[in-house]
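Bear in mind that the values in this text are calculations on the coordinates, not laboratory data. Remember, predicted model here, so these are calculated numbers, not experimental data. Counting neighbours? That spans all protein chains shown, and the Cβs are built from the backbone with ideal geometry, glycine included.
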Amino acid sequence: MEGVLAFGKNTPVTVWQIKFTLDDKFIIAGCYNEVAFLTYYGGILKKTKGVFDPKTVPSSALSIGFIPPYTVTGMFKGELIVWNGN
């Protein structure tokens, strides 16, 4: 795969948006019914799935923003979720 810098399993669902964190240490992926936090090291992408509150039904993350040191996702059902880590 000439020209590919990194490869790794992300998610089997649709990815709506991706963004690098402001410090370029992570990639945040807004997906269908999940948020994925990915790290890049040595040409490998490693995914950590965002953990929703047990009382919340996951919905699709359509937009991603940052209020350092937090990540904010805009969800399909209208919620804004502020993430402290994953």
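Of note:
- Distances between placed amide hydrogens fall under 5 Å for SER60 paired with ASN33, PHE76, LYS77, all partners being 5 or more residues away or on another chain.
- Nearby aspartates and glutamates by direct alpha-carbon distance to LYS49 (threshold 19 angstrom, same-chain neighbours under 8 apart not counted): ASP24, GLU34, GLU79
- For the pair VAL57 and ASN33, the difference between a 0.36 nm per residue extended length and the Cα-Cα distance amounts to 7.8 nm.
- Rel. contact order, % - alpha carbon contacts under 8 angstrom, at least six apart, segment 15-83: 24 percent
- Point-to-point label distance, ILE67-ILE44, nm (Cα→Cβ direction, 7 Å offset): 3.6 nm
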